Amino acid sequence: MGLTPWGHNRELVTKCSEVKEALFYVSETIRHGWSRAVLLHHLESGLYRRQGKALNNFALTLPRRPQADLAMETLKNPYNFDFLSLGPEARERDLEDALAEQVTKFLLELGQGFAYMGRQYRLNVGGDDFYLDVLLYHTRLRCHVVVELKVTEFQPEYAGKLGFYLNAVDAQLRHPDDNPSIGILLCKTPNRLVVEYSLKNAASPLGVAEYRLIHAVPEELKGELPTVEELEEELVRRIQSSSGGERG
């Protein structure tokens, strides 16, 4: 650990449970030049156990070395969006809006090398408009990355739609020196067997991973704090009370 600063080493010694885990973070810190704050973020989010765990068909759809191996390493499972405060009834557009507002933290969770190109990115195919949830470019993979967000569990038709988007991106945006575009589908607790069947014969490189919204309120304090409904009722009551006072 001599190649990393003392502050980094102290975090590694206190937070890593095994040598292999510590060496992983040392290697990633040296390779990416992580600051202590970034290292701490990845330690607390358990990157070591999530890296390279997304279900994918990269070995079948990308050149084995180095593209497929690097793509597998790039994806993780699950993705932790602990910087968002969305309730269980959030819609996909709510999730998109929140990620767009917190794009720096979103890219940090995605990992090194991702560049943000926009959300609801419009593509016109044969006169019809289609909108990609999030479009990225990965500087090491040298390809576009299309991210689709679903607030439900994985469905087989999602893979077909994402494959269509990738074909459109390759036809319209891919530079001759770029590698084939990759799709990432983020959803709630995908059924592993359903995903494997869906990706088995898919022609486009697709990865499927779970995302989690980690709420900031500790479980033991939830009963001590007002619910969203109670806060809304209190807000309405105060507005009505204030309006009544002004009329008087």
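Check whether at least one residue in region 186-198 is assigned to a loop (DSSP other than H, G, I, E, B) and modelled with pLDDT of 95 or more, and report yes or no.
No: zero hits.
Does region 87-106 include one or more residues that are over 22 Å from Ala171 (Cα atoms), among the aromatic types (Phe, Trp, Tyr) and in a helix (DSSP H, G or I)?
Narrowing region 87-106 to residues over 22 Å from Ala171 (Cα atoms): 87-106.
From the residues that got through so far, the ones that are among the aromatic types (Phe, Trp, Tyr) too are 106.
This time we only want the ones that are in a helix (DSSP H, G or I), so: 106.
Yes, region 87-106 contains at least one residue that is over 22 Å from Ala171 (Cα atoms), among the aromatic types (Phe, Trp, Tyr) and in a helix (DSSP H, G or I).
I need the full set of residues from region 71-100 which are aliphatic (A, V, I, L, M) and either within 13 Å of the chain's Cα centre (by Cα) or closer than 22 Å to Arg192 by Cα (or both), in order please.
Across region 71-100, the qualifying residues are Ala71, Met72, Leu75, Leu84, Leu95, Ala98, Leu99, Ala100.
Among the aliphatic types (A, V, I, L, M), in contact with a Phe, Trp or Tyr (Cβ under 6 Å, 6 or more places away or on another chain) and farther than 22 Å from Asp94 by Cβ: is that true of Val146 in this structure? Give the derivation first.
Numbers: among the aliphatic types (A, V, I, L, M): yes; in contact with a Phe, Trp or Tyr (Cβ under 6 Å, 6 or more places away or on another chain): yes; farther than 22 Å from Asp94 by Cβ: no.
It is false that Val146 is among the aliphatic types (A, V, I, L, M), in contact with a Phe, Trp or Tyr (Cβ under 6 Å, 6 or more places away or on another chain) and farther than 22 Å from Asp94 by Cβ.
Specify which of the listed residues (Ala98, Ala22) is surrounded by 15 or more Cβ atoms within 10 Å (Cβ to Cβ), touching a Cys at 6+ places or on another chain (Cβ under 6 Å) and over 23 Å from Ala159 (Cα atoms).
Numbers: Ala98 fails: touching a Cys at 6+ places or on another chain (Cβ under 6 Å).
Result: Ala22 is the single residue among Ala98, Ala22 that is surrounded by 15 or more Cβ atoms within 10 Å (Cβ to Cβ), touching a Cys at 6+ places or on another chain (Cβ under 6 Å) and over 23 Å from Ala159 (Cα atoms).
Any residue at all in region 30-44 that's under 27 Å from Leu185 (Cβ atoms), within 16 Å of the chain's Cα centre (by Cα) and not in a helix (DSSP H, G or I)?
Scanning region 30-44 turns up no residue that is under 27 Å from Leu185 (Cβ atoms), within 16 Å of the chain's Cα centre (by Cα) and not in a helix (DSSP H, G or I).
Being out of contact with any Gly (no Cβ under 9 Å at 6 or more places or on another chain), more than 20 Å from Gly207 (Cβ to Cβ) and among the polar types (S, T, N, Q) is the requirement here; does Thr4 meet it?
yes
Here are Arg91, Arg140: which of them is touching a Gly at 6+ places or on another chain (Cβ under 9 Å) and in contact (Cβ under 8 Å) with a residue 60 or more places away in the chain?
Testing whether each residue is touching a Gly at 6+ places or on another chain (Cβ under 9 Å) and in contact (Cβ under 8 Å) with a residue 60 or more places away in the chain leaves just Arg140.
Residues that are crowded, with 16+ Cβ neighbours inside 10 Å, free of Cβ contacts under 8 Å to residues at least 24 places away in the same chain and under 17 Å from the mean Cα position of the chain (by Cα): does region 158-176 have at least one?
no
Return a yes/no flag: does region 98-113 have any residue that is among the β-branched types (Val, Ile, Thr) and in contact with a helix residue (DSSP H, G or I) (Cβ under 6 Å, 6 or more places away or on another chain).
Quick first cut of region 98-113, residues among the β-branched types (Val, Ile, Thr) only: 103-104.
Those still in the list that are in contact with a helix residue (DSSP H, G or I) (Cβ under 6 Å, 6 or more places away or on another chain) too: none.
No: region 98-113 contains no residue that is among the β-branched types (Val, Ile, Thr) and in contact with a helix residue (DSSP H, G or I) (Cβ under 6 Å, 6 or more places away or on another chain).
Would you please name the residue that is modelled with the highest pLDDT, looking only at residues in region 26-64 that are surrounded by 18 or more Cβ atoms within 10 Å (Cβ to Cβ), among the β-branched types (Val, Ile, Thr) and not assigned by TED's automatic domain parsing to the domain that holds Thr139?
It comes out as Val26.
Exactly one of these conditions fails for Phe81: (1) more than 13 Å from Ile184 (Cα to Cα); (2) among the aromatic types (Phe, Trp, Tyr); (3) in contact with a Gly (Cβ under 9 Å, 6 or more places away or on another chain). Give me its number.
(3)
The values are calculated or read from the model by the stated rules, or taken from the named source; none is laboratory data. Since the model is a prediction, treat every value here as computed from it, not as a measurement. No Cβ is skipped: glycine too gets one built from the backbone with ideal geometry, and neighbour counts run over all protein chains shown.
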